[in-house]
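Step one of this worksheet: look at the structure below.
The values are calculated or read from the model by the stated rules, or taken from the named source; none is laboratory data. From a predicted model like this one, the values you see are computed outputs, not experimental measurements. As a convention, Cβ positions derive from the backbone with ideal geometry for all residues, glycine included, and neighbour counts pool all protein chains shown. Heavy atoms of the whole protein, side chains included, go into the accessibility calculation; ligands, DNA and RNA do not. Shrake-Rupley method; radii C 1.70, N 1.55, O 1.52, S 1.80 Å.
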Amino acid sequence: MTVTRFAPSPTGYLHVGNLRTALMNWLIARAAGGEFILRLDDTDPERSKPEFADAIKQDLEWLGLEWDRVETQSARLDRYADAADKLRAAGRFYEAFETPTELDLKRKKQMNMGKPPVYDRAALALSEEERAALRAERNGHWRFKLDHERIEWTDGILGDISIDASSVSDPVLIRGDGQVLYTIASVVDDTDMGITNVVRGSDHVTNTATQIQIMAALGHSAPAFAHHSLLTGPQGEALSKRLGTLALRDLREAGVEPLALLSHMARLGSSDPFEMRMSHAELIAGFDISRFGAAPTKFDREDLGPLTAKYLSTLSLEDVAEDVAAAGVPEALRERFWGAVRENIQTRADIAPWWTFFAKGATPLVDEEDRDFIVQAFSILPEGPWDETTWKSWTDAVKEASGRKGRGLFMPLRKAVTGRERGPEMADVMALLQVRPSI
Ligand code: GLU
């Protein structure tokens, strides 16, 4: 069975970059009728917060990316300790004592000599006495000893990858303070939970290489990996610093529609054109990870407004029944109301103000030179209630009386009745308007 996971750290709010990962993993699981696990990578006790875990769940619920179960790394520390013991027994785990400052110095020296900043394995050369002396002074951290060979896999997005393990530092898996790090926790979880496919950002490619070796050292084969490109801003600028301003909860607050956002993210960076998906089933059916490319993907927050408006314009009254009822639209007028406003809203929050206008009228927008014309036109508007024929008969009469025609006739009337330059068909406006416009 296909099993995927989305593994955020509950140290902040989800943003559009995380969404790309969540969505791809969710789509793969759902397309295969498999399982999708929400895994909370909370091995950092200082930065992980229950409120962020709750917020992650709320955001995924808002998007309809439901999970089959939640796993929490902090509840699995004994499993990681077991794995560490196994690696130790296999001679693949060694204790090292360099401080961050010492490591930094080593890296700088290497770079000055034009060498890649790879950990020099000095700790492997320590004698038992030296180790004991260092241990008395400070806590050691634990590194996985990579086999210096090429690590290869066929990536679902990047294609054939081959990394020379000697160009990578032996990863630290357990810190001096005993904190288990993501690299080993993730490996243990992925194998324990039978994860078959891992999609994550291309910033994890080197992790993947080391994790493939750790999995093998623990006697497991690796899942299928795919690394999506990182998002950039519209000009290609790095988005990493601005991702905080692209939190999913802020987009929700701004009225972005989940399916508009998901449809966008399901195609962004792929060779297929955007298609608006009206349901999660359509999203699943239209997804093909092999269509995504390795090049950085531009993301523009500004795209989400028009996409939301476009999505809303295609909804039926049934889809927005709650919003229309909450706006106070009388039942008999709802169908006409929605037909009139659906193409004139940016977000759902615009629905209620439209009914306020129909129910109470607007402050007329009248240019000075049109004032007399509007006074005259309003005086020959018949008594209400009006219907869809009113606009035609009224404007015919106004044309007759004023001699105006075309834009000079219709535009001032629209502005005077609705208080704005654009909006629904005026035939609908007159049929929905509950109060007599006046100036
Ligand atoms: N917690 C990791 C992250 O958010 C998970 C990466 C992975 O999918 O393995 O980057």
What full-extension length gain, to one decimal in nm, is calculated for T206 and R135 as 0.36 nm per residue of separation minus the Cα-Cα distance? 22.6 nm
Answer in debye to the nearest 20: the dipole magnitude of the range 142-252 about its Cα centre, from +1 Lys/Arg and -1 Asp/Glu charges placed on Cβ, is 460
Output the 0 to 90 degree angle, nearest 10, between the alpha-carbon long axis of helix 351-360 and the longest principal axis computed from the alpha carbons of the chain. 20
So for each of 189-202, 82-95, 121-134 I average, over its residues, the number of other beta carbons within 10 Å; can you give me the resulting order with the highest mean first? 189-202, 82-95, 121-134
Heavy-atom accessible area per residue of the chain, all protein chains kept, 1.4 Å probe, expressed in Å², is 48
Starting from the 7 Å offset along Cα-to-Cβ, what nm value, one decimal, do you get for the label separation of A125 and A281? 6.6
Any chance you could run the full-extension gain for W62 through E237? It's 0.36 nm times the residue separation minus the Cα-Cα distance, nm to one decimal. 60.1 nm
Using 1/(1 + (r/R0)^6) with R0 = 25 angstrom and r between the beta carbons of E369 and D396, what's the FRET efficiency to the nearest 0.05? 0.65
Around T43 (Cβ within 14 Å, Cβ-to-Cβ, excluding T43; K/R +1, D/E -1) the net charge comes to -2
Under 5 Å from the placed amide H of R5, counting only residues 5+ away or on other chains, we find I37, V199
Is the C-alpha gyration tensor of the range 231-312 telling us rounded, prolate or oblate? Criteria: a/c under 1.5 is rounded; beyond that, a/b larger than b/c is prolate, otherwise oblate. oblate
Determine the shape class of the range 104-202: with a ≥ b ≥ c the square roots of the Cα gyration tensor eigenvalues, call it rounded for a/c under 1.5, and otherwise prolate if a/b is greater than b/c, oblate otherwise. oblate
Once you have a ≥ b ≥ c as the square roots of the Cα gyration tensor eigenvalues for the range 292-391, tell me rounded if a/c is under 1.5, and otherwise prolate or oblate according to whether a/b is larger than b/c. oblate
If I stretch the segment between S316 and E425 completely, what's the gain in nm (0.36 nm per residue apart, minus their alpha carbon distance), one decimal? 37.5 nm
Within the chain, percent of DSSP bridges classed antiparallel, to nearest 5: 50
For the chain, which semi-axes, largest first and in whole Å, follow from the square roots of 5 times the eigenvalues of its Cα gyration tensor? 63, 21, 19
Starting at the first residue of the range 362-376, write each ³J(HN,Hα) from the Karplus equation 6.51 cos²θ - 1.76 cosθ + 1.60 with θ = phi - 60°, in whole Hz, x for Gly and Pro. 10, 6, x, 9, 10, 6, 3, 6, 9, 3, 5, 4, 5, 4, 5
To the nearest 10 degrees, how steeply does helix 50-63 sit against the main Cα axis of the chain, on a 0 to 90 scale? 50
Summing +1 per Lys or Arg and -1 per Asp or Glu among the other residues with Cβ less than 12 Å from L230's Cβ gives +1
What percentage of the solvent-accessible surface of the range 8-150, computed with a 1.4 Å probe over protein heavy atoms, is contributed by carbon and sulfur atoms? 51
Angle between the chain longest axis and helix 100-112 axis [Cα atoms, degrees, rounded to 10]: 90
Quote the relative contact order of the range 178-336 in percent (integer), defining contacts as alpha-carbon pairs under 8 Å separated by 6+ residues. 20
Here, V118 and D272, labelled 7 Å along Cα→Cβ, have an inter-label distance in nm of 4.0
Phi-based couplings in Hz for the range 409-424 (Karplus 6.51, -1.76, 1.60; Gly and Pro marked x): 8, 6, 5, x, 5, 4, 5, 6, 7, 9, x, 8, 8, 10, x, x
Would you pull out the residues with amide H under 5 Å of G419's amide H, same chain only if 5 or more places away, H placed 1.01 Å from N? L365
Let me have the relative contact order for the range 109-253, percent, based on Cα pairs under 8 Å that are six or more residues apart. 21
If Y80, Y119, Y182 are ordered by their accessible area, calculated over protein heavy atoms with a 1.4 Å probe, which sequence runs from highest to lowest? Y182, Y119, Y80
Taking only protein heavy atoms and a 1.4 Å probe, the highest-to-lowest accessible-area order of E388, E331 is E331, E388
Under a cut-off of 27 Å between alpha-carbon atoms, report the lysines in cross-link reach of K145, not counting same-chain residues fewer than 8 places apart. K86, K106, K108, K109, K115
Taking K415 as the anchor, which aspartates and glutamates have their alpha carbon closer than 12 Å to its alpha carbon, excluding any fewer than eight residues away along the same chain? D367, D370
Need one value: the accessible area of D319 in square angstrom, 1.4 angstrom probe, rounded to the nearest 10. 80
DSSP loop GluC sites (Glu not before Pro) in the range 29-78 with at most 14 other Cβ atoms within 10 Å of their Cβ, which ones? E46, E66
Heavy-atom accessible area ranking, 1.4 Å probe, most first, across S438, S9: S438, S9
Could you pull out the trypsin sites (Lys or Arg not before Pro) across the range 356-439 that fall in loop regions by DSSP (anything but H, G, I, E, B) with no more than 16 other Cβ atoms inside 10 Å? K405, R420, R422
Expressed as a whole-number percentage, the relative contact order of the chain with C-alpha contacts under 8 angstrom and at least six residues apart is 13
Taking the chain as a Gaussian network, where each spring joins two C-alpha atoms under 10 Å apart, which residue of V16, V324, V180 fluctuates the most? V324
